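**Student:** Below you'll find the structure I mean.
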Amino acid sequence: MNAVTAAARWAPAPAARLPLALAVAVVLAAIAYPLTGGDGRDAVSWTIVLLGSAVSVTSAAAAHGLRTGLAVLGLVAVTAVVFESVGVATGFPYGPYAYSDVLGPTLLGVPFLVPLAWLMMAWPSWVLARLLTRRARPGRQRPARVVVAAAVFAAWDVVLDPQLVQAGYWTWARPQPGLPGIDTVPLTNLAGWLLAGLVLMALLDLVVARTALPGGRRAGDAAPLLVLAWMTLGGALAHAAFLDLPGSAAWGALLALPVLGTLAVQARRP
């Protein structure tokens, strides 16, 4: 291995530390969310999404190379705009909904912040799925990773969506029937996120495989996993203690159990 190849393979230490610093900033911003209100809370929401999307891009780049980071950014943004623009126009696949003006400028009816929110959620979901399916048989690992990543992606939204409906960012025309304890978000939304997640994660898995530098990951996954853990489990705590959303808090805790159980079993195996 010559010096050029070595330099391309291993991320510089500052670049590897950047995603973790951004993830810590996401956690601090998320802590601030339930403690603010009005325009201040809207500003915190923007901050969380901007920082979270930056975690995804920098983490993907640090782990697999700059080309992967940029490919993840482009893929998720395009997929999000396609699904969300169709959803706003037709109600498929989530059910009929409408964005408020609070989220600012739009593209094809989709606020600019929305694709960034997808990006914040997508990469950590894929990273966790790779971890959860690492012991699957080689021939089944990729499909298992895609399915699990889509499930994590949709489960994250179970916690997040009621919070953002409460904030007035969008409304559902027919919010019933919903999950028990959540009366503001319909079950069709969960079905839509599962479908969108399957499409997105299959494409994301392919993009990583085709763009990643050879030699395996060059940095750890602490940053995206920290963002995912805090935004779901920490979000559930905030929903229960501060935001008067006990239903989504309970679902967040419940949906975390199989993930934590799988990680615990993996940790006990050699």
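**Student:** Would you be able to say whether some residue in region 125-138 is part of a strand (DSSP E or B) and either surrounded by fewer than 23 Cβ atoms within 10 Å (Cβ to Cβ) or at pLDDT 95 or above (or both)?
**Tutor:** No; the residues of region 125-138 include none that is part of a strand (DSSP E or B) and either surrounded by fewer than 23 Cβ atoms within 10 Å (Cβ to Cβ) or at pLDDT 95 or above (or both).
**Student:** Out of Val185, Val165, which single residue is among the aliphatic types (A, V, I, L, M), part of a loop (DSSP other than H, G, I, E, B) and more than 23 Å from Leu75 (Cα to Cα)?
**Tutor:** When all the criteria are applied, what remains is Val185.
**Student:** With respect to the numbered conditions (1) part of a loop (DSSP other than H, G, I, E, B); (2) open to solvent by less than 50 Å² (accessible area, probe 1.4 Å); (3) within 18 Å of Trp123 (Cα to Cα), which one is the sole condition not fulfilled by Ala223?
**Tutor:** (1)
**Student:** Name the single residue that is farthest from the chain's Cα centre (by Cα) among those in region 43-65 being open to solvent by 40 Å² or more (accessible area, probe 1.4 Å) and farther than 25 Å from Arg218 by Cα.
**Tutor:** The extreme case among them is Ala43.
**Student:** So which residues in region 174-183 are open to solvent by 50 Å² or more (accessible area, probe 1.4 Å) and either charged (D, E, K, R) or within 23 Å of Phe83 (Cα to Cα) (or both)?
**Tutor:** Selection gives Arg174, Gln176, Pro177, Asp183.
**Student:** May I ask you to say which residue of Thr211, Thr171 is touching a residue at least 40 places away in the same chain (Cβ under 8 Å), among the hydroxyl-bearing types (Ser, Thr, Tyr) and open to solvent by 30 Å² or more (accessible area, probe 1.4 Å)?
**Tutor:** Thr171
**Student:** Leu103 passes all but one of (1) of a type in the set (A, V, I, L, M, F, W, C); (2) at pLDDT 95 or above; (3) within 19 Å of Ala167 (Cα to Cα); which number fails?
**Tutor:** Status for Leu103: all satisfied but (2).
**Student:** Same structure, new question: Only one residue in Trp251, Trp230, Trp193 is assigned to a helix (DSSP H, G or I), among the aromatic types (Phe, Trp, Tyr), surrounded by 17 or more Cβ atoms within 10 Å (Cβ to Cβ) and more than 13 Å from the chain's Cα centre (by Cα). Which one?
**Tutor:** Exactly one residue qualifies, and that residue is Trp251.
The values are calculated or read from the model by the stated rules, or taken from the named source; none is laboratory data. All values derive from a computational prediction rather than experimental measurement. Neighbour counts are summed over all protein chains in view; Cβ atoms, including those assigned to glycine, are modelled from backbone coordinates with ideal geometry. Ligands, DNA and RNA are stripped out before the accessible areas are found, and what is left, the full protein with its side chains, is counted by its heavy atoms. Shrake-Rupley method; radii C 1.70, N 1.55, O 1.52, S 1.80 Å.
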